[in-house]
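Single-structure report; data block below.
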Amino acid sequence: MAEIRELIEKYALQNAVKYKAAPNAGAVMGKLMGEHPELRSKAKEVSPLVGSVLSEVVKMSLEEWQRRLEAIAPELIAELSEHKEPAKGLPPLEGVEGGVVMRFAPNPNGPPTLGSARGIIVNSEYVKKYGGRFLLRFDDTDPVKKRPMPEAYRWYIEDCEWLGAKPDQIIVASDRMPYYYQAAEELILAGGAYVCSCEQAAFKELKDKGIFCPHRDQSPEEAMSLWAKMLSGELQEGQAVLRVRTDMSHKDPAIRDWAAFRIVTAPHPMVGSKYRAWPLLDFESAVEDHLLGTTHILRGKDLADSERRQRYVYDYLGWIYPKVVHWGRIKIHQFGSFSTSKLRKAIEAGEYCGWNDPRVPTVRAMECRGIRPEALRKFMVDLGVGETDISISMDSIYAENRRLVDPAANRYFFVWDPVKLQIEGDVPEVAKAPLHPTSDRGFREIPAGNEVLVCNNDLEGLKPGDRIRLKDLCNIEFVSMEPLKARYVGTEVESSKGKKMKIIHWAPVNGLPIRVMGPEKTDEGIGEAGIASELGKVVQFERYGFAKINCLGEPIVACFAHR
């Protein structure tokens, strides 16, 4: 424990010096577990120790923190002085002579999220840069905990193509089980695997203590016999797993004799009950990367243990491990978790209307909202590849998307929470408004007359005698607020600007019902008739924002993109 205590002190001092304040227990614990994953299994023992060390550190002054840290861990002082600029663009890869083979390997238990989009885009960009092949591989060998959705396979293929990352090859793991069985048998015969019949809790206790499982000394012949029983049905679910022989004294218990296959009797949604021994992800992925000739793997730094486990298989079988680039997690402020499993439960519970609901962080929702794939590609490439966790805002995506959609988006009036306004006088029967303020593509004609609709919130603070301009129509002066009445006072734009009149938009009383669904709210209202001609396109509702018209009906349904 003395060694752990020393580590805690180092990280506590670094945190205190960095922020010039008492160290944060959560940050210290996070740093400790991140840098030393072998301690994760001892978290309950370590936590009180963190509290004990921090209670001593808080008694010291800032100068004492600095001196002590310089004495015991000068490298952590140097780390604080490093200025890390956010990455811009993709860094070069090593060993790219002759091209690269990159893969994106999702579990198809839902469609791609924005987190998935990063993997799809960056892997495909590297292939475009160096030449080679981009693979879409479905790691679908968990029929229970991460049960695949049959439609998600198609969704991934469609979304990859929409993102400009059409795969050169599509691989479905559940179609390739014989390859994994063959590799398992080669591993057994090489002395690299055995069949363990320990109960899960019992094995964990042995593993955590670094004690050999009683089945570990099986000969390859004994292991092959038990393996055959796993396949045939003589051994039932929970009675046996195939384990890879590793180093039982490894500092990280997660590496010790990890499970490669388990028995699962639940039918798989794609292949039914054809198989009953299913590979765990680390084994299946290790075999596929070898079979497919993967040259480089982009992997979250939180999955570093996968490489450590898989290298045992590669060493036993004489394979060469791909080059690995670790990257940090991405968090987008406007969304919570990217977990497909959590989203699926929320959708099934009726919290969202589907995978393209504008409130969810899926690629399909982005498309539905009118976010262009080019905007997502630029955003993800600009993030680069680094081990630092990134916390960002959607505003960067919105800014790039605005640049792309603004030149093409026609303008229309949409009035939400509408209120009828009666206007006395010679109001024009038809208003002419430009389809675009800077592009000469003509005008839209909007029925007007002595009754129009305006937004209720535009009336706040107004009183009889106040004058405003109805955009592209006329100037009015309010006569009464209840009922809402005004009188026509002219059409001159210059006079309205000179007097700094408030300018608001409006809609015809016989306009189209519109529903705009957004990530934060849904607005109902009335819009111009011309909106019905924009199906599948992004428009700008003036004074509201950009939206994509997705469905014609009563109401017309649009999804809000951004302002």
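The values are calculated or read from the model by the stated rules, or taken from the named source; none is laboratory data. Note that the coordinates shown come from a computational prediction; the quantities given were computed from them, not determined experimentally. Neighbour counts run over all protein chains shown; Cβ positions are idealised from the backbone, glycine included.
Below are the figures for this structure:
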read-out	value
Whichever residue in region 164-183 is touching a helix residue (DSSP H, G or I) at 6+ places or on another chain (Cβ under 7 Å) and in a helix (DSSP H, G or I) and, among such residues, is nearest to Ser116 (Cα to Cα)	Ala173
Output for region 384-417, where each listed residue is among the hydrophobic types (A, V, I, L, M, F, W, C) and not in a loop (DSSP other than H, G, I, E, B)	Ile390, Ile392, Ile397, Ala399, Leu404, Val405, Phe414, Val415, Trp416
Subset tally (residues that are closer than 19 Å to Phe335 by Cβ and either in a strand (DSSP E or B) or of a type in the set (Lys, Arg) (or both)) for region 513-545	4
Members of region 486-502 found to be closer than 21 Å to Gly525 by Cβ and at pLDDT 95 or above, listed by number	Ala486
Within region 280-370, strands (runs of 3 or more DSSP E) holding 1 or more residues that are among the small types (Gly, Ala, Ser) and touching a residue at least 40 places away in the same chain (Cβ under 8 Å)	none
Test: residue in region 218-234 that is touching a Phe, Trp or Tyr at 6+ places or on another chain (Cβ under 6 Å), over 24 Å from Glu288 (Cα atoms) and in the same structural domain as Gly318 (by TED's automatic domain parsing)	yes
Among residues of region 231-249, those that are in contact with a Lys or Arg (Cβ under 6 Å, 6 or more places away or on another chain) and either under 17 Å from Glu199 (Cα atoms) or without any contact (Cβ under 8 Å) to a residue 12 or more places away in the chain (or both), counted	2
Search result, residues across region 547-561 that are of a type outside the set (Gly, Ala, Ser) and not in a strand (DSSP E or B)	Leu552, Glu554, Pro555
Members of region 461-477 that are loosely packed, with under 15 Cβ neighbours inside 10 Å and modelled with pLDDT of 95 or more	Lys463, Pro464, Gly465
Residue satisfying condition, being over 26 Å from Gly115 (Cβ atoms), surrounded by fewer than 19 Cβ atoms within 10 Å (Cβ to Cβ) and among the hydrophobic types (A, V, I, L, M, F, W, C), within set Ala304, Ala266	Ala266
Failed criterion for Val122 (all others in (1) touching a residue at least 40 places away in the same chain (Cβ under 8 Å); (2) within 25 Å of Pro269 (Cβ to Cβ) hold)	(2)
In region 1-58, residue farthest from Glu387 (Cα to Cα) [restricted to those that are among the acidic types (Asp, Glu) and out of contact with any Pro (no Cβ under 8 Å at 6 or more places or on another chain)]	Glu56
Region 56-70, residues that are in a helix (DSSP H, G or I) and either surrounded by fewer than 10 Cβ atoms within 10 Å (Cβ to Cβ) or outside the structural domain of Val17 (by TED's automatic domain parsing) (or both)	Glu63
Residue within region 213-230 that is surrounded by 17 or more Cβ atoms within 10 Å (Cβ to Cβ), without any contact (Cβ under 8 Å) to a residue 60 or more places away in the chain and closer than 27 Å to Ser41 by Cα present	yes
Filter result for Arg377 (touching a helix residue (DSSP H, G or I) at 6+ places or on another chain (Cβ under 6 Å), of a type in the set (Lys, Arg) and part of a helix (DSSP H, G or I))	yes
Options Phe203, Phe212: the member that is in a helix (DSSP H, G or I) and in contact with an Asp or Glu (Cβ under 9 Å, 6 or more places away or on another chain)	Phe203
Among residues of region 509-536, those that are touching a residue at least 40 places away in the same chain (Cβ under 8 Å) and either touching a Cys at 6+ places or on another chain (Cβ under 6 Å) or of a type in the set (Lys, Arg) (or both), counted	2
Per-region count, region 172-198, residues surrounded by fewer than 20 Cβ atoms within 10 Å (Cβ to Cβ) and in contact (Cβ under 8 Å) with a residue 12 or more places away in the chain	13
Single residue of region 1-32 satisfying the filter (closer than 20 Å to Lys209 by Cβ and touching a residue at least 12 places away in the same chain (Cβ under 8 Å)) that is surrounded by the fewest Cβ atoms within 10 Å (Cβ to Cβ)	Met1
Some residue of region 360-380 being closer than 30 Å to Glu35 by Cβ and not aromatic (Phe, Trp, Tyr)	yes
Matching residues in region 215-237 - criterion: being assigned to a loop (DSSP other than H, G, I, E, B) and not basic (Lys, Arg)	His215, Asp217, Gln218, Ser219, Gly233, Glu234, Leu235, Gln236, Glu237
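Residue-wise test of (1) under 26 Å from Asp523 (Cβ atoms); (2) part of a loop (DSSP other than H, G, I, E, B).
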| site | (1), (2) |
| --- | --- |
| Val419 | yes, no |
| Gln422 | yes, no |
| Pro428 | no, yes |
| Pro437 | yes, yes |
| Asp440 | no, yes |
| Glu445 | yes, no |
| Gly449 | yes, yes |
